[in-house]
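Single-structure report; data block below.
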Amino acid sequence: MQRGALLDAARTLLSEGGTEALTFPALAERTGLARSSVYEYFRSRAAVVEELCAVDFPVWAAEVEAAMERVDTPEGKIEAYVRRQLALVGDRRHRAVVAISAGELDAGAREKIRAAHGGLIAMIVEALAALGHTQPRLAAMLLQGVVDAAVRRIELGAAEDPDEITEAAVAMALRGVRG
């Protein structure tokens, strides 16, 4: 029960202030626990982020997969893959996934998260193969790079509206740089 409260508080902190806001004193304050009690559940901020990713990433990936399953064409699946991920940017669960780039994560945590991301990429490989890509896994990784760049642009509060960023990412995914 306390672990769940700590994870929920961590989501809120990440959502409100990014990785800098996720501190053990802030977690203790949000949950009403003593700071020393937080250490009973997590050894570090990286451990909190790692657990958030372990809990939240499968839910997030399932939402992307469900959006893809609602369409029949390879192009439709690619569009759903991009749109659903970008729609989730404002979701508190997504903040933990974005936080994986924090430099304080150890190599083991980064590898676990990379493996989870690999599962997301695997979802789109079949659609890319159906479009005739000779290296659909490579194409999937590059497509995810477009999505990741759009996520960062939205997260940064870029000059463009998030809907404009989404439309540009979908256009790039479906038509390349031809627009």
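The values are calculated or read from the model by the stated rules, or taken from the named source; none is laboratory data. As the structure is a prediction and not an experimental result, all values here were calculated from the model. Accessible surface areas use protein heavy atoms only, side chains included; no ligands, DNA or RNA. Shrake-Rupley method; radii C 1.70, N 1.55, O 1.52, S 1.80 Å.
Using a 1.4 Å probe and counting only protein heavy atoms, arrange D72, D56, D148 so the residue with the most accessible area comes first.
Numbers: D72 145, D56 5, D148 50 Å².
Heavy-atom accessible area, descending, gives D72, D148, D56.
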*What does the convex hull of the Cα atoms come to per residue for the chain, in Å³?*
115 Å³
*Go from 0 up to the bin containing the longest alpha carbon distance in segment 1-77, width 10 Å each, and give me the % of pairs per bin.*
18, 42, 18, 14, 7, 0
*Average accessible surface area per residue within the chain, 1.4 Å rolling probe, Å²*: 52 Å²
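Go ahead and estimate [θ] at 222 nm for the chain from helices alone: -39,500 (n - 2.57) per DSSP H run with n ≥ 4, summed, over the residue count, rounded to 500. Can you show the working numbers first?
Details: 9 runs with 135 residues, N = 179.
Counting only the DSSP helices, I get -24500 deg cm²/dmol.
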*Which one of L138, L86, L22 has the biggest mean-square fluctuation once the chain is modelled by GNM with Cα springs under 10 Å?*
L138
*Which of V125, V71, V147 moves the most in a Gaussian network model of the chain with Cα springs under 10 Å?*
V71
*Hey, what angle do you get for helix 74-87 against the long axis of the chain, alpha-carbon based, 0 to 90 degrees rounded to 10?*
30 degrees
*Report, to the nearest 10°, how far helix 136-155 tilts away from the longest principal axis of the Cα atoms in the chain, using its own Cα long axis and a range of 0 to 90°.*
50 degrees
*Ordering Y41, Y81 from largest to smallest accessible area (1.4 angstrom probe), what's the sequence?*
Y41, Y81
*Accessible surface of segment 1-56 [probe 1.4 Å, protein heavy atoms]: carbon and sulfur percent*: 50 percent
*Folded to 0 to 90 degrees: helix 45-69 orientation relative to the chain principal axis, Cα*: 30 degrees
*Where the centroid of each part is defined by its Cα atoms, how far is segment 132-179 from segment 9-79 in Å?*
23 Å
